[in-house]
Amino acid sequence: MTDKQKTLQPISRGSPEKYTERMALEEGTIKSSSRRSFLSGAATAAAAATVASTTSALAAPLEVQPSSKSMGRTTVPTGYGMPSKYEADVTRNRTDIFVNKQNFSDWSMTPIQHQQGIVTPNGLMFERHHAGIPDIDPDTHDLVIHGMVRQPMKYSMSDLMRYPSVSRFHFMECSGNGLTDWLSVKSDTVQQTHGLLSCTQWTGVPVSWLLDEVGLEAGAKWLLFEGADGSAHARSIPLDKAMDDALLVFAAGGEMLRPENGYPLRGFMPGWEGNTSVKWLRRIKVSDQPWHLRSETARYTDPMPEGKWRQFSMEMECKSVITNPSGGMQLQGPGLYEIQGFAWSGRGKVSSVDITLDGGKSWRTADLEGPVMDRCLTRFRYRWNWDGGPAKIASRALDSTGYVQPTVAELASERAIVGFVQHHNGIFPWAVSASGEVTNAIA
Amino acid sequence: MQLHKIAIAGGLAFALSLGGALANSSKPAVSFGTPITEADVAAWDIDVQTPTGKGLPAGSGTAAQGKELFDAQCVACHGADAGGGSQYGSMVGGVGSFVTEKRRLTPGSMYPYAPILFDYIKRAMPMTAPQSLSNDEVYALTAYIYALNELVAEDAVLDAASLAAIEMPNRDGFIVDDRPDAAAVRCMDDCE
């Protein structure tokens, strides 16, 4: 144990000064994102190891905490509540695998290793923008539906919010989630490998209701959804999807959308890659054919063998990942650990999740934690008694269609893994060393 | 007696709520929007459909005009001759690279249909002032990029008809989603 670490022994969560000091020390030695309870950073783990070696000793007599002997902060007359200052390291982060030269067409990732339950807090929902985040006044925002319709219509936000609404829990995942880590290890944490993933309760109006209202002409088959941002981001959406379950969403997680998630209005395509849920939605145009836009030819397509590309691969296939323990974390010695993670499928419900502890040689079934919902994050749990030896842990999900989450090798046998490859739903292993260090083991 | 009443009331409420569930999940017989004419949507109606080129507006431009615009408004990010600049990589070449380990994606190598470039410039470029270019200017920039990619002659004039007529190298490069592809098996013991 270094001198630096020794100074960590008298940790007091009640003292901001000491806490700040402790965090500064941790950040100097380990990644801040790996701080959490039993799966804590190396420095804390070292401190805990000392504690563990003296577990038979009695705990010191308790003292009354400062918070019990003083008045707290006043109720703010008007304001928006924020997380505890002690949670300040739980943030969305840009990728640090490669440097984007500008931050307008950019993205940030959800710290899913810190997410409890299936609902992502709004301030942590992953982002992907193509020309920055517009701040749109809802009083000036309109949606137009036109093209192959009997009567083109314009809807103000107050028009749209007068309709009855529906609220549904669904995940949203970017097609590029995991694109840095197919054939070699690039990312350290699960936030970097799987953080283009969020889940919440979405509230809005079914697209089908408004299509009914404008009246579709015979032959109508595809819809253009277009945003009011500086990229006018757009996607072609099949009419079947729009009539089936697509929503015009104005709220998520109990409040109006955040600007970075499409305020005041976005499309929402349950189970489909995130960019089809067009943000800042201003226009739906009805046609008989898809558009073949840049965003569905040069981008968001999958390299295939023989120089080909797969197009309109919009459903997100069944996938899972262990979030605890995951890359950058540190186990504190042999004993009980609850393996936790998320499973999801764009085609239905998660039916099972299996866990391997030996790199895929044998598997056992994890518990799914309810509610298990259609195209929604499902949490799984598995109690693991770590013997202290090296291990390679991973999860494998199955969905209600019978689809089994494949390995990267199985995906690579069908697709071409070259460049920035989308739609990585491969089984994702983490290595646990004998010293308890958890690292990315994709290759 | 009191309990019995509550049970009846509860049952009634349950029955009503079931009926209500149906009535409250279907499309309401209302319309809160305002009719608008296609003519009044014109300023927003910027999309171009391919392969037909439907939506390409009137107007035209040449590569020479495009180069002038490019050097004034695009070169800072995309570099001289669209060869790659401070922000983005080259927009020239790449044809034939898709069968190698390094696929080079450019408008010339990637787009299956030529009007896709017009649509994208029109809706999103230049990044600092999107939707600021006239249709003639977008045709000119499109002509310039495709001339650099040797897909049109340097003196070509692009308009709706000539742009849609360009045969792109990657025209047959796409297959429509045919997943699920990887067929994994749920092995539990002695796997691999």
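Taken together, the values in this text are just the output of simple stated rules run on the coordinates, not laboratory data. Nothing here was measured: the structure is a model prediction, and the numbers come from that model. Ideal geometry is used to build each Cβ from the backbone, glycine not excepted, and the neighbour counts take in all protein chains shown.
Find which of B:PRO57, B:ALA153, B:MET127 sits farthest along the positive direction of the dipole of segment B:45-164, computed with +1 on the beta-carbon of Lys and Arg, -1 on that of Asp and Glu, about the Cα centre.
Checked the options; the winner is B:MET127.
Please go through segment A:349-443 and write out the chymotrypsin sites (Phe, Trp or Tyr not before Pro) that DSSP classes as loop and that have at most 11 other C-beta atoms within 10 Å.
none
Taking the number of other C-beta atoms within 10 Å as the exposure measure, put B:TYR88, A:TYR300 in order starting with the fewest.
With the fewest neighbours first, B:TYR88, A:TYR300 line up as B:TYR88, A:TYR300.
Count neighbours as other Cβ atoms within 10 Å of each site's Cβ, and list the trypsin sites (Lys or Arg not before Pro) in segment B:122-185 that are DSSP loop with at most 15 such neighbours.
The qualifying sites are B:ARG171.
List, in order, the whole-Hz ³J(HN,Hα) value for each residue of segment A:250-261 obtained from phi through the Karplus relation with A = 6.51, B = -1.76, C = 1.60 and θ = phi - 60°; use x for Gly and Pro.
10, 9, 8, x, x, 9, 4, 3, 6, x, 6, 10
Label the protein assembly as shown by shape, choosing from rounded, prolate and oblate, from the square roots a ≥ b ≥ c of the eigenvalues of the Cα gyration tensor; if a/c is under 1.5 it is rounded, and otherwise prolate applies when a/b is larger than b/c, oblate when it is not.
prolate
Quick one: which residues, 5+ away or cross-chain, put their amide H under 5 Å from the amide H of A:ARG310? H built at 1.01 Å from N.
A:ASP302, A:MET304, B:ILE175
By how many nm would the segment from A:GLU255 to A:ARG364 lengthen if fully extended, with 0.36 nm per residue of separation less the alpha-carbon distance?
The A:GLU255-A:ARG364 span can extend by a further 35.3 nm.
Normalised by the number of residues in segment B:45-164, what is the relative contact order in percent for Cα pairs under 8 Å and 6+ residues apart?
39
For segment A:319-440, what class follows from the C-alpha gyration tensor (a ≥ b ≥ c being the square roots of its eigenvalues): rounded when a/c is under 1.5, otherwise prolate if a/b is larger than b/c, else oblate?
oblate
Using only atoms on other chains, find how many Cβ atoms lie within 10 Å of each Cβ of peptide B:185-192 and report the average.
If you average over the peptide's residues, the count of other-chain Cβ atoms is 5.
Along segment A:432-443, what does the Karplus equation 6.51 cos²θ - 1.76 cosθ + 1.60 (θ = phi - 60°) give for ³J(HN,Hα), rounded to whole Hz, x for Gly and Pro?
Going residue by residue, I get 10, 7, 4, 8, x, 7, 10, 9, 4, 10, 5, 9 Hz, with x marking Gly and Pro.
Find, to one decimal place in angstroms, the Kirkwood hydrodynamic radius of segment A:122-309, where the mean of 1/r is taken over every pair of different Cα atoms and then inverted.
It works out to 17.2 Å.
What ranking of B:CYS77, A:CYS199 emerges when the number of other C-beta atoms within 10 Å of each C-beta is taken as an exposure proxy, fewest first?
Neighbour counts put them in this order, fewest first: B:CYS77, A:CYS199.
Which trypsin sites (Lys or Arg not before Pro) in segment A:263-349 sit in a loop by DSSP (not H, G, I, E or B) and have at most 10 other Cβ atoms within 10 Å of their own Cβ?
Listed in order of number, the matching sites amount to none.
Using a simple charge model, +1 on the beta-carbon of Lys and Arg, -1 on the beta-carbon of Asp and Glu, nothing else, what dipole does chain A show about its Cα centre, in debye to the nearest 20?
That gives a dipole near 440 debye.
Can you give the relative contact order of segment A:395-443 as a percent, counting alpha carbon pairs under 8 Å and 6+ residues apart?
That works out to 30 percent.
Counting pairs of alpha carbon atoms under 8 Å apart in space and at least six apart in sequence, what relative contact order in percent does segment A:100-243 give?
About 28 percent, as a whole number.
Relative to the longest principal Cα axis of chain B, at what angle does helix B:115-124 sit, 0 to 90 degrees, rounded to 10?
Compared with the principal axis, the helix lies near 70 degrees.
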